[in-house]
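What follows is a single structure, written as structure tokens, with notes after it.
Each reported figure results from applying straightforward, stated rules to the coordinates on display, with no laboratory input. Please read all numbers here as calculations on a predicted model, not as lab measurements. Here the Cβ is made from the backbone with ideal geometry for all residues, glycine too, and neighbour counts use every protein chain on show.
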Amino acid sequence: MKIATWNVNSVRIRLDKIIDWLAVNPVDILCLQETKVIDANFPESAFTAIGYHAYYSGQKSYNGVAILSRVPLTEVSTGFIPLLGANKVEHFDEQKRLITGKIDDTQIICVYVPNGSEVGSDKYLYKLQWLKFLHEYLQISLKTNPRLCICGDFNIAPEDRDVYDSVKSEGAVGVSPVERQALQNIMQLGLADPFRRFTSEGEYFSWWDYRQGSFRQNRGWRIDHHYLSLPLYEQAISCTIDLAPRRLKQPSDHTPVILEISGN
DNA sequence: ATGGCAACACACTGTTGA
């Protein structure tokens, strides 16, 4: 089974590129982030026409997540409230950043973690609180779903080898020690990064700034991840970054990451 | 060097992204 994740930076602007990519890469699951469209306008028919079921949770202009799947998903839900309750979550589900569903006995969670703007800002505090909710959400999920894959744009480069210039970017949003610790806390629930099971070197990135020819010079960050519960992690066969879509004209600033696990 | 680039909206300028 192949599970890919791709922050497409507008599903409508990138629609042809996503369709073309799926023709070449017929993954079982594709998780999308930054769809930037309300549900009523999600281009569902374009995906059903090529054999994918689409599940989505979006809003106007910002954020938005979706899961495309070759087979129907079960137990689809969006946001934190279904597991954590409206009293606790309050306004944190207004931004559409989480969608989940099950394929066979495996839970897939697609997330778009907040950017955080800059360290110390209100948006940074929002990001940290959102990560606390995610921690609690996963803690509950793992109790009933030992086979769990969460993937998406985490907006965190876990280690110095995941950024092109770790000295220059030290302490910045996305690499700050507090954010990295929050991600560590989540992994300590019993999740592991399959990309690092197969690749230990640096210079592998999933996002490059549009400006200053960053992609040409491979000045990027690895911020799009899969995290697998241990039963799934043991079944991982490969985890690779596909640079091809980033080379096209009018690309997303992110490129897909593809996980393959044995079975099915 | 707070610029650079791209998408979006009560758009022709301001916000967000990381």
Any lysines with Cα under 28 Å of the A:K102 Cα? List them, leaving off those in the same chain fewer than 8 positions away. A:K2, A:K17, A:K36, A:K60, A:K88, A:K127, A:K132, A:K143
May I ask you to work out the translational diffusion coefficient for the range A:46-86 at 10 °C, viscosity 1.306 mPa s, via Stokes-Einstein with Rh from the Kirkwood sum over Cα pairs, reported in whole µm²/s? 134 µm²/s
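Report the calculated FRET efficiency for A:T74 and A:E234 (r = Cβ-Cβ distance, R0 = 25 Å), to the nearest 0.05.
Values: r = 24 Å, r/R0 = 0.95.
FRET efficiency, A:T74 to A:E234: 0.55.
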Let's see if you can work this out: charge +1 on each Lys and Arg Cβ, -1 on each Asp and Glu Cβ, no other charges. What is the dipole magnitude of the range A:2-261 about its Cα centre, in debye to the nearest 20? 360 debye
Could you pull the Cα extents of chain A along its three principal axes, largest to smallest, in whole Å? 45, 44, 39
Partnerless cysteines (no other Cys beta carbon under 4.7 Å) identified across chain A are A:C149, A:C151, A:C239
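At a 10 angstrom cut-off on C-beta neighbours, averaged per residue, how do the peptides A:144-151, A:243-250, A:172-179, A:122-129 rank from highest to lowest? Can you show the working numbers first?
Details: A:144-151: 20.4, A:243-250: 13.0, A:172-179: 18.2, A:122-129: 15.8.
Top to bottom by mean Cβ count within 10 Å: A:144-151, A:172-179, A:122-129, A:243-250.
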Theoretical gain in end-to-end length, A:R197 to A:A86 [0.36 nm per residue, Cα-Cα removed]: 36.2 nm
Could you list the residues of the range A:73-97 with an amide nitrogen less than 14 Å from a label point located 7 Å from the Cα of A:Q59 in the Cα-to-C-beta direction? A:79-81, A:90-97
Relative packing of A:88-95, A:6-13, A:223-230, which averages over residues the other C-beta atoms within 10 Å, highest first: A:223-230, A:6-13, A:88-95
A:N218 versus A:E170: modelled label distance in nm, points set 7 Å from Cα along the beta carbon direction: 2.4 nm
Along its principal axes, what span do the Cα atoms of the range A:27-98 show, with the longest given first and each in whole Å? 40, 27, 18
What is the spin-label model distance, in nm, from A:R161 to A:S121 if the labels are put 7 Å beyond Cα along the C-beta direction? 3.1 nm
State log₁₀ I(q)/I(0) for the range A:132-251 at q = 0.11, 0.12, 0.13, 0.21 Å⁻¹ as given by the Debye formula over alpha-carbon point scatterers of equal weight, solvent excluded. -0.40, -0.48, -0.56, -1.23
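Which value, in debye to the nearest 20, gives the size of the charge dipole of the range A:109-264 about its Cα centre, when Lys and Arg are +1 and Asp and Glu are -1 at the Cβ?
Details: 17 positive and 19 negative charges, 48 e Å.
The dipole magnitude comes to about 240 debye.
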